[in-house]
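Visitor: Handing you this structure, nothing more for now.
The values are calculated or read from the model by the stated rules, or taken from the named source; none is laboratory data. Bear in mind the structure is a predicted one, so any value in this text is a computation, not a measurement. Please note: Cβ atoms are built from the backbone with ideal geometry, for glycine as well, and neighbour counts cover all protein chains shown. These area figures cover heavy atoms from the full protein model, side chains too; ligands, DNA and RNA do not enter into them. Shrake-Rupley method; radii C 1.70, N 1.55, O 1.52, S 1.80 Å.
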Amino acid sequence: MKQSLFIFFLLYSTFSFSQDSYVTLNDQTIHGTIENYKEWSKNPTTVLFKDSIDGNSIYLTPANCKSFTADLSDKFTSYKGTRILNTDNVMYSHGLQSDQLEKDSVQVFLRQIYQFKNYTLYKLFDDKRTNFYLSHNGVIKELEYYENINNNQVVPFNEYKDYILEEFSDKGIGGLQHKVEILAYTENDLINFFADIFGDKAHSSEKLRNKYSNEILVGIGANENFSSITNSRATYKQASASPSFEIGLRIYNQRNFGRLFFQPSISVMPLSNTFNEGVDLITPYKTKATLVNIKLGAGYLFLKKSNISVYAAAAGALPVLFNYRTLVGTGKYVQSDGPYDKFTINPELGIIIKQTLNISFSGTLPFKLPFLSDASYAYKVSQASIILRYAFIEGSKKK
């Protein structure tokens, strides 16, 4: 019953919360699903959004919404203003090649690529060129840059450097002049520059777009071992509880902003069963072992919010039984010469709370072992577990 309630809660959480949202022109937040979402390389022009409450769909444009968030990773803000048309790289054909500054009026979605306190860095990338914008207290200004060729030499126009020097000259930043001089007009360099001058090393370019850091997992579990012994006449079942200790890794796939992850782990637990009911079992049958479970699996975050995520995972599991021994009646245990190992599958369903606390429900498909004290019996084991894990996040700091 408790297991059913747990699964029901996970499924309810999945369908009750949405990872996508947009903000209307009157500052109302609407939750739902972006139906044409993908890992956009270029800024989208329209977004198909389905409301999770009434099921209605709307095409979001920079004219009918203030912002939207996709997959808790991509954040876009509507912008109406100007952008430089001159090329940002004369080695490519995109953009206007001229030494005269030319601008165009636009109404577009800007992608947020970095944010710290009241500063936000945005990127506009389309068929014309790449433009970067800096927002301070909600006021967006383009970081102006373009290139031209003069006498076969590339001539950069670095107005954005003058603006940054003026903006931060009174902030007491050591070496600011030199840092601005060597600053390149690229996404990684700009993010690293602002992370450096703000002392925000946790959000340098390797932390782009709200990606999840890899984790070291340490956990304890409560396990129910469902076991049976079977011969040609009958099957006898028994369940026993045992604790477990686990250590593992969760390695997030950064190509899709952390939704897919890989999860190797190893856990250890005592295994003990006593079968003493049944006509044929005049004396008790017992098993004992130390079970080490080695797992290599993959999972997917199908709900991903800032404070709570829900995932499903599956692993190939190799339970290895050390000091495996069996007993009939009150005689001596018959012990195996070495460890026994069997391959099985380990499905898992879990909740991640604030990216550090993990609660998971998992189990293993049954695997068979010989009953050493009586060759006429086969011993079979499966498990159901509730595991509480703590995640030590790479870099010792959450994103």
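Visitor: Determine, for each peptide in 158-165, 240-247, the mean count of other beta carbons within 10 angstrom over its residues, then list the peptides with the highest first.
Guide: The packing order, highest mean first, is 158-165, 240-247.
Visitor: Let me ask another. Under 1.5 on a/c is rounded, so check that first for the range 281-329, then, if it is not, pick prolate when a/b is larger than b/c and oblate when it is not; a ≥ b ≥ c are the square roots of the alpha carbon gyration tensor eigenvalues.
Guide: Working: a/c = 4.67, a/b = 2.94, b/c = 1.59.
Prolate shape, in that a/c is at least 1.5 and a/b is the bigger ratio.
Visitor: When ligands, DNA and RNA are left out and all protein chains stay put, how many square angstrom of accessible area per residue does the chain have with a 1.4 Å probe? Don't skip to the answer; put the middle values down first.
Guide: Values: 20210 Å² over 399 residues.
That works out to 51 Å² for each residue.
Visitor: Measure off, as a whole percent, the carbon and sulfur share of the 1.4 Å-probe accessible area of the chain, all protein chains present.
Guide: Numbers: 11210 of 20210 Å².
Looking at the chain in its full context, I get 55 percent from C and S.
Visitor: Given an 8 Å cut-off on Cα distances and at least 6 residues of separation, report the relative contact order of the range 315-399 as a percent. Each step should come with its number before you reach the end.
Guide: On the way: 153 pairs, mean separation 21.7, N = 85.
So the answer I get is 26 percent.
Visitor: Just round it to a whole percent: the fraction of Cα-Cα distances in the chain exceeding 36 Å.
Guide: I get 45 percent for the Cα pairs in the chain exceeding 36 Å.
Visitor: Helix 187-197 sits at what angle to the longest principal axis of the chain, using alpha carbons and giving 0 to 90 degrees rounded to 10?
Guide: 90 degrees
Visitor: Let me ask you something else. For residue 80 and residue 186 in the same chain, what is the full-extension length gain: residue separation times 0.36 nm, less their Cα-Cα distance, in nm? Write down the numbers at each step before the final one.
Guide: Numbers: separation 106, 0.36 × 106 = 38.16 nm, distance 2.26 nm.
Length gained between residue 80 and residue 186: 35.9 nm.
Visitor: So what's the back-of-envelope 222 nm ellipticity for the chain, counting only DSSP H runs of four-plus at -39500 (n - 2.57) apiece and dividing by all residues, rounded to 500?
Guide: Working: 4 runs with 42 residues, N = 399.
After summing the helix terms and dividing by residue count, I get -3000 deg cm²/dmol.
Visitor: Under the 0.36 nm per residue contour assumption, what length would be gained going from the current alpha-carbon distance of residue 24 and residue 154 to full extension?
Guide: Gain on extension, residue 24 to residue 154, equals 42.4 nm.
Visitor: Here is a follow-up. How far apart, in nm, are the 7 Å Cα→Cβ label points at residue 325 and residue 235?
Guide: Result: 2.9 nm between the two label points.
Visitor: So, one more: Place a point 7 Å from the Cα of residue 104 along the Cα-to-Cβ direction; which residues of the range 45-71 have their backbone N under 15 Å from it?
Guide: From the range 45-71, the list is 45.
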